[in-house]
Amino acid sequence: MDPPRRISLDLGTRHAFSLAWRGILKIRKNPEQLADVTLMPIVFLLMFTYLFGNALGGSIEGYLQSLVPGVLAMNILQACLTVGTQLNTDVTKGVFDRFRAMPIARSAPLVGAVLADIVRYLVCLTVLMIVATVMGYRIQTGPAQFIVAIPLVIAFGLCFCWASVFVGMLMKSPGAAQGLMFVFVMPLTFGSNVFVATSTMPGWLRAWADISPVSFLTNALRGLLNGGPVAGPLAGALAWMVGAVVVFFPLATWAYRRRV
C-alpha cells in the first residue's frame, strides 16, 4: 500500500524532527563525521595565528583578536556545505528509496538533515571558542553581544546550507558534490576580510571582498565580540542570508523532488 501523499503540517514537522534525531545518532555513532568542524577550525586558527600573525597583524595577540571572528564565519560556511554531500550519499546508497516507502512527508528527510546540521555548527563554534580562549583570545564586549553572535552564525549556516543541498541533489556522486562545493566555498572564504584587510588587496579583488557575505558576517562578529560598528555589517549579512534563502531554497527543493 502506497504511503499517503498528503500529511498535515504538524505530522510532517514531527517526521522531520525524527529524521533530524536520526542524523544526530549517526554523528554519535560515527564521530569522525565531525572532523571538518573540529580539526579544520583548529588547524586554520593555529596556522594563521602563529605563522602569519606577526607579519599580517603586527603581533600575534592583536592578530588573534581580529582572526577569531573571521575564522568563525569561514568555518560555519564550510560546515554548512557538508549537508549536500551527506544527502547525496544517502540518495546514492538507496536510503531515500526506503524513505519513499514509508508513510512520512516527502520533505521530512531533507528538513531533518538540515536540522541535524545545527549540531555540527554548535560543535564547530564550541571547539573554536575553547581553543581560541586557550590561545589568548578574549571577548571584549558583554554576554548580550555574545548571545546575539552565536544565533547569527548558526542562522548564516542554515541559510547558506540550501546552496549545498542544491549542489548535492544535482551531482551524481558524493565526490563530485564535495569537489564542486569546495570550488564554491574557497572564493567566498579567502576572497574576504577574514585574514587580511581588504585595503591591501588589488582593486578587482577588493571590490568583491568588500561585499562578500563572509566579510559582512566577519565584520558583524568583530563588532559583537571585539567592539565596533555592528548595524551596517549586520544589515549586509542579513541581506545576503535572505538572498541565499530566496535563491537556493526553491532550487534545492526542486532538485530534491526531481532526484528522489
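The values are calculated or read from the model by the stated rules, or taken from the named source; none is laboratory data. As the structure is a computational prediction, the values presented were derived from the model and not from experiment. When we count neighbours, we look across all protein chains shown, and the Cβ atoms used for this are built from the backbone with ideal geometry, even at glycine. With ligands, DNA and RNA removed, areas are computed over all heavy atoms of the protein, side chains included. Shrake-Rupley method; radii C 1.70, N 1.55, O 1.52, S 1.80 Å.
One residue stands out among those in the stretch 1-35 that are open to solvent by less than 60 Å² (accessible area, probe 1.4 Å) and under 13 Å from Asp117 (Cβ atoms): the one that is modelled with the lowest pLDDT, which is Gln33. For first residues located in the stretch 89-101 and closer than 9 Å to Val260 by Cβ and modelled with pLDDT of 70 or more, partners that are assigned to a helix (DSSP H, G or I) and open to solvent by less than 30 Å² (accessible area, probe 1.4 Å) and lie 6+ apart or on another chain with Cβ distances below 7 Å form the pairs Phe96/Asp90; Phe96/Pro109; Phe99/Pro109.
Name the residue that is least open to solvent (accessible area, probe 1.4 Å), counting only residues in the stretch 36-67 that are of a type in the set (A, V, I, L, M, F, W, C) and closer than 17 Å to Gly157 by Cβ.
As a first pass, look at the stretch 36-67 and keep what is of a type in the set (A, V, I, L, M, F, W, C): 37, 39-40, 42-48, 51-52, 55-56, 60, 64, 67.
Cutting the leftovers down to closer than 17 Å to Gly157 by Cβ gives us 37, 40, 44.
On the way: Val37: 1, Met40: 80, Phe44: 22 Å².
Going through the qualifying residues, I end up with Val37.
Of the candidates Leu67, Leu56, Leu25, Leu19, the single residue that is of a type in the set (A, V, I, L, M), part of a helix (DSSP H, G or I) and closer than 16 Å to Gly136 by Cβ is Leu67. What single numbered condition from (1) over 24 Å from Val127 (Cβ atoms); (2) assigned to a helix (DSSP H, G or I); (3) not basic (Lys, Arg) fails to hold for Ile104? Only one criterion in (1) over 24 Å from Val127 (Cβ atoms); (2) assigned to a helix (DSSP H, G or I); (3) not basic (Lys, Arg) is unmet by Ile104, namely (2). Which residues, taken from the stretch 86-138, are in contact with a Leu (Cβ under 6 Å, 6 or more places away or on another chain) and of a type in the set (Phe, Trp, Tyr)? Answer for the stretch 86-138, where residues must be in contact with a Leu (Cβ under 6 Å, 6 or more places away or on another chain) and of a type in the set (Phe, Trp, Tyr): just Tyr137. Out of the helices (runs of 4 or more DSSP H) lying entirely within the stretch 134-243, which hold 2 or more residues that are closer than 15 Å to Ala79 by Cβ and at pLDDT 90 or above? The helices (runs of 4 or more DSSP H) meeting that bar are 143-170, 213-226.
With respect to the conditions (1) modelled with pLDDT under 75; (2) of a type outside the set (Gly, Ala, Ser); (3) part of a helix (DSSP H, G or I); (4) farther than 13 Å from Arg120 by Cα, Ile42 lacks only one, and its number is (1). Answer yes or no as to whether Gly243 is open to solvent by less than 50 Å² (accessible area, probe 1.4 Å) and more than 23 Å from Thr49 (Cα to Cα). Judged against the criteria, Gly243 is a match.
Could you list all residues from the stretch 120-133 that are surrounded by fewer than 17 Cβ atoms within 10 Å (Cβ to Cβ) and either of a type outside the set (A, V, I, L, M) or touching a residue at least 24 places away in the same chain (Cβ under 8 Å) (or both)? Scanning the stretch 120-133 gives Leu122, Thr126, Thr133.
Working carefully through the options Gly175, Gly136, Gly157, find the one that is surrounded by 22 or more Cβ atoms within 10 Å (Cβ to Cβ) and out of contact with any Ser or Thr (no Cβ under 8 Å at 6 or more places or on another chain).
Numbers: Gly175 fails: surrounded by 22 or more Cβ atoms within 10 Å (Cβ to Cβ); Gly136 fails: surrounded by 22 or more Cβ atoms within 10 Å (Cβ to Cβ).
That would be Gly157, the only listed residue that is surrounded by 22 or more Cβ atoms within 10 Å (Cβ to Cβ) and out of contact with any Ser or Thr (no Cβ under 8 Å at 6 or more places or on another chain).
If you check Leu224, Leu251 for being out of contact with any His (no Cβ under 8 Å at 6 or more places or on another chain) and open to solvent by 30 Å² or more (accessible area, probe 1.4 Å), only one passes: Leu251.
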